[in-house]
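The values are calculated or read from the model by the stated rules, or taken from the named source; none is laboratory data. These figures come from a predicted structure and were not determined experimentally. Here Cβ is always computed from backbone atoms with ideal geometry, including for glycine, and neighbour counts include all displayed protein chains.
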Amino acid sequence: MSRTPLIAGNWKMNTKVEEAVTLIKSMQSSLHKIQGVEKVLCPPFVSLAVARAIVKGSSVKLGAQNVFYEEKGAYTGEISPLMLADLCDYVIIGHSERRQYFGETDEIIKKKVKAAVAVGLKPIFCVGETLEENEADQTREVIGRQLMAASDRLYLISGMVIAYEPIWAIGTGKSATADDANRTIGFIRQFISRLHGNGIANTARILYGGSVSATNIADFMRKPEIDGALVGGASLRADEFVSIVKQASEIKGL
Ligand code: PGA
């Protein structure tokens, strides 16, 4: 079963508009040339419109980092799926930083995923365990619960991507080992298979995230279950991000 690998750069709350323009311009032509891998940049909301103008006509796609679940109305400061549908293809939902700092629950995340899919956005739905949960051997239980909330059959058919991001590996420089990531992603695939059957499980793309760099991406991409990466810090450095995408293409590009 061949799945198109996907590398997404999550810029988080970094770059002013002008800096985002410079960063995208510095990598977009190199990224455009790399084939067989889907390339997604997720700049802050305020830079999405200008980013869209820059990547138009190239193979580089865009994603947002968050979304609200209502279409419109009196929700000061929120961004609706409809607003994003014109600007990007993907949207990160349920990132651990949203769960941790903004109180997003499985229930909220479920609504967001549903609302995003309804307007044709593809969620990059994040799951992952804390260090304490990992040490208490609760990884599978936690991820199972998170998956139950939002891995509907319809969402997966619509192209939802899942990102396994162990929280202790995010922004710490201490990634999971490729073997451990492969094992947990294999568990996620089995879980989806039990819920929705083999066909859907085998086509679902599941990424690893957490301190991915140009130095370790090859180890992850060589693993059979891992379909790509959600990259934080290293996606802010043009050369490094291009190198990550290039290596992913060399190893698994279709
Ligand atoms: P990191 O972030 O690559 O900086 O660890 C990954 C993420 O949070 O998506």
Practice problem: List every residue pair whose Cβ atoms sit under 8 Å apart, with the two residues 6 or more apart in sequence or on different chains, where the first one lies in segment 159-182 and is more than 22 Å from GLN100 (Cα to Cα) and the second, anywhere, is more than 10 Å from the ligand (Cβ to nearest atom) and assigned to a strand (DSSP E or B). | Solution: GLY159/LYS122; MET160/LYS122; MET160/PRO123; MET160/PHE125
Practice problem: Identify, from the list LEU41, LEU62, LEU48, the residue that is of a type outside the set (D, E, K, R), part of a helix (DSSP H, G or I) and buried (at least 20 other Cβ atoms within 10 Å of the Cβ). | Solution: LEU48
Exercise. Quickly run through segment 226-246 and pick out the residues that are within 20 Å of ILE188 (Cα to Cα) and either surrounded by fewer than 19 Cβ atoms within 10 Å (Cβ to Cβ) or within 9 Å of the ligand (Cβ to nearest atom) (or both).
Key: ALA229, LEU230, VAL231
Quiz prompt | Qualifying positions in segment 207-223 - within 14 Å of the ligand (Cβ to nearest atom) and either touching a Gly at 6+ places or on another chain (Cβ under 9 Å) or of a type in the set (Ser, Thr, Tyr) (or both) | solution = LEU207, TYR208, GLY209, GLY210, SER211, VAL212, SER213, THR215, PHE220
Practice problem: Go through TYR90, TYR69 for me and flag whichever is within 30 Å of MET221 (Cβ to Cβ) and of a type in the set (Phe, Trp, Tyr). | Solution: TYR90
Quiz prompt | For GLU129: the one exception among (1) within 16 Å of the ligand (Cβ to nearest atom); (2) part of a loop (DSSP other than H, G, I, E, B); (3) touching a Lys or Arg at 6+ places or on another chain (Cβ under 8 Å) | solution = (3)
Quiz item: Which of (1) within 16 Å of the ligand (Cβ to nearest atom); (2) in a loop (DSSP other than H, G, I, E, B) does THR184 not meet, given it meets every other one?
Solution: (2)
Practice problem: Quick one: PHE125 ticks every box in (1) at positive phi; (2) in contact with a strand residue (DSSP E or B) (Cβ under 7 Å, 6 or more places away or on another chain) except a single one, so which number is it? | Solution: (1)
Quiz prompt | Selection count, segment 88-108, where residues are closer than 21 Å to VAL231 by Cβ and in contact (Cβ under 8 Å) with a residue 24 or more places away in the chain | solution = 12
Practice problem: Kindly check whether there is at least one residue in segment 190-204 that is in a helix (DSSP H, G or I), within 16 Å of the ligand (Cβ to nearest atom) and modelled with pLDDT of 95 or more. | Solution: no
Practice problem: Take segment 156-175 and flag every residue that is more than 11 Å from the ligand (Cβ to nearest atom), surrounded by 20 or more Cβ atoms within 10 Å (Cβ to Cβ) and either in a loop (DSSP other than H, G, I, E, B) or under 12 Å from the mean Cα position of the chain (by Cα) (or both). | Solution: MET160, VAL161, ILE162
Self-check item: Scope segment 92-122; condition within 18 Å of MET160 (Cα to Cα) and within 14 Å of the ligand (Cβ to nearest atom); matching residues
Solution: ILE92, ILE93, GLY94, HIS95, SER96
Quiz item: Yes or no: LYS12 part of a loop (DSSP other than H, G, I, E, B), under 23 Å from GLY209 (Cβ atoms) and within 16 Å of the ligand (Cβ to nearest atom)?
Solution: yes
